Amino acid sequence: MDENKIKNKNGLTEEEFLEVYDAGKYERPSFTVDMLVFSVRDEEKLNYRKLPKKKLRLLMVKRGDHPFLGQWALPGGFVNIDENLEEAAHRELKEETNIDNIYMEQLYTWGDIGRDPRTRIISTSYLSLVDSNVLEVKAADDAEDAKWFTVSCELLEEEKIVSEDETVIQSLYKLFLIGDKENLTADIKEIKRVKGKITRIERTIEKTSGIAFDHAKIIMYGLERLRNKIEYTDIAFNLMSELFTLTELQQVYEIILDTELLKANFRRKIAGMVIETNEYTKDSGHRPSKLFRFNASPDGQIIQ
């Protein structure tokens, strides 16, 4: 049967249906993209005999117009009618921060009513990990400024309520974004409902200081996903330079997971993900360390 000749209940073929279809029948929301661009940077080196500590950083832009004029937001913007979501994400990132051609993956779609005071706006967030040492960040378009902020999240309090039907865990978190000149914060309440095999999580922003829209909630979710993904993927290597020491790599894992790792266990875990080179660090103040590179071999075999 010719599918183009199949008629609906009104006696119309698909071609006839599309000819008379009213695109304005339903109110249409606007669509945006928001990018979480994470990096790991060294702190200022206070002791030349020790490796500098690392911090997890997040790129934010300062809004140059209403709403939330002067507050900080994730890079992003509206999706044009003639582009797909990923194209929009790369375009907006380039326009607002001068960053181009980086790893990016879709994270989550946010559609709460009232999340943007302008109109009904649905946003898809993207997660990206980059080596910030090779990027030149520069604010452009409608962004007044673009800066890296040290990001962390702290559990303030937690309550667990168990009933016959479900278990409810209420948690209050505080998100910190520490910049060179400004510090941003947000209190985020999380309610996790577990009923049988089904888990539902609701997050609400209780209080925020300097973070625009619902971006504090997006950042917290991005941190959680990043910590999950680093456990079972090679995503962390997007944060590394071409050559790195195993100690530097372990520091990156520790700063993202927010926990100390046993050296022997960590090295067993990543053994097949790195390739040993014949090069060494040349830093003064401590013994040279052997350098490694990421093993991108599709079969997982170490290539010399």
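No lab work stands behind these numbers, since they all come straight from the coordinates. Here the structure is a predicted model, which means the values were calculated and not measured. A quick note on method: Cβ atoms are made from the backbone with ideal geometry, for glycine too, and the neighbour counts reach across all protein chains shown.
For this structure, a couple of remarks:
- The charge dipole of the chain, taken about its Cα centre with unit charges on the Cβ atoms of Lys, Arg (+1), Asp and Glu (-1) only, comes to about 1440 debye.
- Length released on extending from Glu136 to Leu12, taking residue separation times 0.36 nm less the Cα-Cα span: 39.0 nm
- Positive-end ranking of Gly272, Ile113, Ile81 along the dipole of the chain, with charges on Cβ about the Cα centre, is headed by Gly272.
- From the alpha carbon centroid of region 169-196 to that of region 229-294 is 29 Å.
- Rg and Dmax over the alpha-carbon atoms of the chain stand at 23.4, 83 Å.
- The angle between the Cα long axis of helix 215-232 and the longest principal axis of the Cα atoms of the chain comes to about 60 degrees, rounded to the nearest 10.
- Overall shape of region 235-294 was characterised from the C-alpha gyration tensor. The equivalent ellipsoid obtained from it has semi-axes of 19, 14, 12 Å, in decreasing order.
- Charge dipole magnitude, Cβ of K and R +1, D and E -1 - region 235-294, Cα centre, debye nearest 20: 260
- Between region 48-121 and region 2-28, the alpha-carbon centres lie 38 Å apart.
- Residue of Ile198, Ile270, Ile219 that the Gaussian network model of the chain assigns the largest fluctuation, springs spanning Cα pairs under 10 Å: Ile198
- Comparing Ile201, Thr185, Leu246 along the charge dipole axis of the chain, the residue lying farthest to the positive side is Leu246, per the Cβ-charge model.
- Sparsely packed GluC sites (Glu not before Pro) within region 115-172, loop by DSSP, other Cβ within 10 Å at most 12: Glu136, Glu164
- Surrounding net charge for Glu105, when Lys and Arg each add one and Asp and Glu each subtract one, Cβ distance under 12 Å: +1
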